[in-house]
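**Q** Once you've had a glance at the structure underneath, I'll fire off some questions.
A short reminder: the numbers here are calculations on the coordinates, not readings from a lab. These numbers were taken from a predicted model, which means no experiment stands behind them. Neighbour counts run over all protein chains shown; Cβ positions are idealised from the backbone, glycine included.
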Amino acid sequence: MKKILFITRPIAPPWDEASKNFAYNLARNLTSLPPSSSGKGAGGERYLEIYLLTNGKLNNIPKNIIQENIYTSSEKDFKFSQKMRLLVFLIFNARKFNIVHLLFTPTKLSSWMLKIILSSPFRKGRLNASERSIQERFEKCTKTEKSHNHTKPFKSPLTPLFQRGRKSKIIQTIATLREDLLSDSEIKKMLFGDLIVTYSDYAKNRLEKLGFKNARRIYPGIDLDYYSPARKNFRFLMNNNLRAEDFIITYPGEYSRLGAIDDIVKAMIKIMSPSPSGRGAGGEGASIKFIFACRVKNEKDAKKKEKIIKNLKKLNLLSKVVFIDTVPDMAKLYNSSDVIIFPARDMKGKF
């Protein structure tokens, strides 16, 4: 049986982060595939087990998805304490898996640590002198014990995977190269997988220009059973003080990073402000409402949201706008909207 570990942020509510949502749905879809005639198809119980890193227990999970409850928090940013819990788990457990699949946008620190723990020194060019030095120190953790006049190696949990006879393959799925933050040399140091998967041809071609021969583009899948047309959801509308007859415009983007929020606010004010005749832009009787479905990821986002609220309050338009920081069900949001907009001026780090 193949054992596959998905390395992600905590796979747990709130479902407001793309990589963990992708990992969760990928695991469910892989394990739900029907077995082949031999009984060893992609989803057959005799074929694979997928291990998810969670905070708490998820319900209604197929039995060949194994939950490793290693995290203690899943709110907002992936905190340093949670990263350390992940690293400790990997030091003691990574050698158990046939495939270790990293599904998140790497940072310099996280990549450095994971590279030390997971990477093999026999892959030429993957480790620099400093990283090789650290791995050599790990090697010294290997001790021997004497038993019945025989000397056999003792596999310390601190010993890197390559010293423990690692046979697992490493896959890195990269949603974005973050070229806005990282130089070419930094990107080359951060990627060490046997296979590197990108979501776009742009990222794949970029990696090939940097010398990577193991990059492959796989478009992220969309669950068309979940994301399918439906009527406006009454409970969603009621929970957000909206009515079925409202004409709802939704922006499910970001407050600061995409650089278009000021354009959106200007257009929104123009649409919702009454004309000199006393009629709104939508005509007599029209009730236009706007939803900002944007996660507040940092202080810059929080300040931008606060500024928008102050401006709308000054213009007496705040009652026509709904702010949702965390959307528990994106399909209900989309189906309850009449128009969805996603303008952007800055797409750096998005491919």
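**Q** Is there a pair in 57/232; 20/314; 270/307; 213/300; 313/348; 57/348 whose C-alpha atoms are over 29 Å apart, and which pairs would that be?
**A** The answer is 57/232; 20/314; 213/300; 313/348; 57/348.
**Q** Please state the Cα pair-distance histogram of the stretch 234-340 with 5 angstrom bins from zero: what percent is in each bin?
**A** 2, 11, 23, 24, 21, 13, 5, 1, 0
**Q** Could I have the simple spin-label model distance between residue 348 and residue 303, label points 7 Å from Cα toward Cβ, reported in nm to one decimal?
**A** Calculated label separation equals 1.7 nm.
**Q** Need the full-extension length gain, residue 234 to residue 212, defined as separation in residues times 0.36 nm minus the C-alpha distance. One decimal, nm.
**A** 2.9 nm
**Q** Sorted by mean Cβ packing within 10 Å, highest first, what order do the peptides 204-211, 219-226 take?
**A** Going from most to least packed, we get 204-211, 219-226.
**Q** Using modelled amide H (1.01 Å from N, peptide plane; none on Pro or chain starts), what sits under 5 Å from the amide H of residue 175, excluding residues fewer than 5 places away?
**A** For residue 175, whose amide H was placed from the backbone, the distant partners under 5 Å are 105.
**Q** Another question about this same structure. So how do 3-13, 332-342, 230-240 stack up, highest first, on mean other-Cβ count within 10 Å? Working shown, then result.
**A** Details: 3-13: 22.0, 332-342: 16.4, 230-240: 13.8.
The peptides rank, most packed first, as 3-13, 332-342, 230-240.
**Q** If one computes the Cα centroid of the stretch 189-205 and of the stretch 320-351, what distance in Å separates the two points?
**A** With the stretch 189-205 and the stretch 320-351 each reduced to a Cα centre, they are spaced 27 Å.
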